[in-house]
1. K83 is checked against (1) in contact (Cβ under 8 Å) with a residue 60 or more places away in the chain; (2) open to solvent by less than 80 Å² (accessible area, probe 1.4 Å) and fails just one. What number does that condition carry?
2. Look through region 203-218, keep the residues that are touching a residue at least 12 places away in the same chain (Cβ under 8 Å) and over 19 Å from P139 (Cβ atoms), and return whichever of them is most open to solvent (accessible area, probe 1.4 Å).
3. Any idea which of V95, V118 is within 21 Å of E24 (Cα to Cα) and assigned to a helix (DSSP H, G or I)?
4. Of the conditions (1) of a type in the set (F, W, Y); (2) open to solvent by less than 50 Å² (accessible area, probe 1.4 Å); (3) over 23 Å from D43 (Cα atoms), Y286 satisfies every one except a single condition; which number is it?
5. Does F166 satisfy being closer than 23 Å to K242 by Cα and in contact with a strand residue (DSSP E or B) (Cβ under 6 Å, 6 or more places away or on another chain)?
6. Any chance region 182-190 includes a residue that's out of contact with any strand residue (DSSP E or B) (no Cβ under 6 Å at 6 or more places or on another chain) and farther than 28 Å from R279 by Cβ?
7. Just to check your reading of the model, which residue among R200, R261, R241 is more than 24 Å from the chain's Cα centre (by Cα) and open to solvent by 80 Å² or more (accessible area, probe 1.4 Å)?
Amino acid sequence: MRCTPSPTVDQTMVSLRLAQESQERSIKVLELMAQQSATSAKDERIAESANAEIQRYVVAQQISLQEQKQKLETARETAELYKSGNSTLKKREVVEKVNRAVAESSNAIRILEEKTRVIVDFLSNETFSKSEIGALFSPGEYRLLPQQVRKGEQLFSPIVGKLYTFSDKYSTSFKELKGEIIVTGYSDATPIDAGSSLHRELSDLVQKDSGIAEPTSADLNQKLSELRAASIKSLLEKILRKREAARKESHLNVTVTILGRGEQIPKGLRADVFKNDPRRRVVTFYWVVLPAL
């Protein structure tokens, strides 16, 4: 039986140098990814919450890489000391120390590269969409009638489909991916008729939720945009349940978050748009699929 010769210190130092080069490449990739994410959020191509999560991930990985970098440097110094004849360690101990540092670094970079691949792919996708509320809600309404639910399923099922299409590409790499749909409702700036039942209903809700005794028109439109977003959230959750029931197994955990922007100007419209412009009455969507960061 032939014995496999143990690696020399010079051989392990070659592995160490390659590991250090790999670390430097990973650090540069993280920097570029952080810049791309920040630019995408600024241009409103991805949700700001997704950018914030990616930036936190980048910072955490940079700290981890610096720690691994220091371990590799310490291992290199140990090997250099041995080669110069000024070490009390045996060759086997030196080789084990270098190999351990290289293995830890390689494993950390492997995991980083898998997650980075998903993030970079996510950043290259179109994650934003917009739909006019008039296509679903009647004027002054925020509850969905049965026929509106059916129409809503047709309108919004493609958004849910994008999450699953994206996540399925990584089903063999990750046991679980985290998905999110961010629904944001907008209204125009038209005052709600003070004598209407909608005015009374919204006023009561604003008083109850925000403690505002005399809500302004902007307060009421803000609440209306929130309620419409909430109705669409319920619709999306229904679509998600159907989707999950039709699948044998799923590695995608999706949540739906809502925001109300009231009379704010939606993305893509000029600041001087008319207060009753129907293009202000929209709901926007961002979808997010990321690994656990």
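The values are calculated or read from the model by the stated rules, or taken from the named source; none is laboratory data. What you see is a predicted model, and the numbers here were worked out from it, not measured in a lab. For neighbour counting, all protein chains shown are included, and Cβ atoms are generated from backbone atoms with ideal geometry for every residue, glycine included. We work out accessible area using only protein heavy atoms, side chains counted, and drop any ligands, DNA or RNA first. Shrake-Rupley method; radii C 1.70, N 1.55, O 1.52, S 1.80 Å.
1. Of (1) in contact (Cβ under 8 Å) with a residue 60 or more places away in the chain; (2) open to solvent by less than 80 Å² (accessible area, probe 1.4 Å), only one is false for K83: (2).
2. D209
3. The conditions single out V118.
4. (3) is the only condition that Y286 fails.
5. yes
6. no
7. On the way: R261 fails: more than 24 Å from the chain's Cα centre (by Cα); R241 fails: more than 24 Å from the chain's Cα centre (by Cα).
Exactly one of R200, R261, R241 is more than 24 Å from the chain's Cα centre (by Cα) and open to solvent by 80 Å² or more (accessible area, probe 1.4 Å), namely R200.
Rundown of residues vs (1) acidic (D, E); (2) within 29 Å of S167 (Cα to Cα); (3) exposed (fewer than 14 other Cβ atoms within 10 Å of the Cβ), yes/no style:
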{"position": "P7", "(1), (2), (3)": "no, no, no"}
{"position": "R17", "(1), (2), (3)": "no, no, yes"}
{"position": "S26", "(1), (2), (3)": "no, yes, no"}
{"position": "N51", "(1), (2), (3)": "no, yes, no"}
{"position": "Q66", "(1), (2), (3)": "no, no, yes"}
{"position": "E113", "(1), (2), (3)": "yes, yes, yes"}
{"position": "T116", "(1), (2), (3)": "no, yes, no"}
